[in-house]
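The values are calculated or read from the model by the stated rules, or taken from the named source; none is laboratory data. Please read all numbers here as calculations on a predicted model, not as lab measurements. With ideal geometry, Cβ positions are generated from the backbone for all residues, glycine too; neighbour counts draw on all protein chains shown.
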Amino acid sequence: MSALTITARDAATGPVLEIAGDLDYDQAPRFRQAVTALSLEPGQRLVLDLSGIQFCDSSGITALIVARNHAVAARADIALAAVPDNTIRILRIVGLDRVFTLHADVDTATTRRPATGHR
């Protein structure tokens, strides 16, 4: 079992949470608390850097959904970055790879997209 660490920082697109350790039954409540305490603005993107995740169980998956719901309620976006293979496999099995935007790394997740509206 590996203790969960959560490190927050800001990017041009919005907050980035670097998550490391086990996102499991014991640690998921702490993650949910950290995410729901974030103040998100409409149009921001919350990026969850999962490169340090060693284990993720169903409680961890539920916590990721809580993070998504928090972002959606704030009219913000959410992206998962650097998702480990074992976790991405679970996301695909349950269809969450179609719910979350997935990025290979934090740099691509925090790159602003060009405006596509009409002028």
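Please go through the stretch 1-35 and give me each residue that is under 12 Å from the mean Cα position of the chain (by Cα) and part of a helix (DSSP H, G or I), ordered by number.
31, 32, 34, 35
Looking at this structure, is residue 75 touching a residue at least 12 places away in the same chain (Cβ under 8 Å) and not polar (S, T, N, Q)? So that I can check it myself, show each step before the final result.
Numbers: touching a residue at least 12 places away in the same chain (Cβ under 8 Å): yes; not polar (S, T, N, Q): yes.
For residue 75, the condition - touching a residue at least 12 places away in the same chain (Cβ under 8 Å) and not polar (S, T, N, Q) - is met.
Among the residues of the stretch 93-105, are any surrounded by 12 or more Cβ atoms within 10 Å (Cβ to Cβ) and basic (Lys, Arg)?
Within the stretch 93-105 (the criterion being surrounded by 12 or more Cβ atoms within 10 Å (Cβ to Cβ) and basic (Lys, Arg)), the answer is no, since none of the residues qualifies.
Look through the stretch 1-52, keep the residues that are in contact (Cβ under 8 Å) with a residue 24 or more places away in the chain and among the acidic types (Asp, Glu), and return whichever of them is nearest to residue 106 (Cα to Cα).
49
Restricting to the stretch 1-38, name every residue that is modelled with pLDDT of 95 or more and of a type in the set (S, T, N, Q).
Answer for the stretch 1-38, where residues must be modelled with pLDDT of 95 or more and of a type in the set (S, T, N, Q): 5, 7, 13, 27, 33, 36.
Of the residues that sit in the stretch 106-119 and are within 26 Å of residue 65 (Cβ to Cβ) and loosely packed, with under 11 Cβ neighbours inside 10 Å, which one is modelled with the highest pLDDT? It would help to see each step written out before you state the result.
Residues of the stretch 106-119 that are within 26 Å of residue 65 (Cβ to Cβ), as a first pass: 106-113.
Next, only the ones that are loosely packed, with under 11 Cβ neighbours inside 10 Å stay: 112-113.
Numbers: 112: 74, 113: 65.
This residue is 112.
Just to be sure I understand, how many residues within the stretch 1-30 are within 19 Å of residue 77 (Cβ to Cβ) and not acidic (Asp, Glu)?
Number of matching residues: 10.
Across the stretch 52-92, which residue is surrounded by the most Cβ atoms within 10 Å (Cβ to Cβ) among those that are more than 11 Å from the chain's Cα centre (by Cα) and assigned to a strand (DSSP E or B)?
Filtering first and then ranking leaves 56.
Which pairs turn up if I take residues in the stretch 54-67 that are touching a residue at least 40 places away in the same chain (Cβ under 8 Å) and over 10 Å from residue 31 (Cβ atoms) and look for partners that are hydroxyl-bearing (Ser, Thr, Tyr) and not in a helix (DSSP H, G or I) with beta carbon separation below 8 Å, at least 6 apart in sequence or on another chain?
Note: pairs meeting the criteria are 54/2; 55/2.
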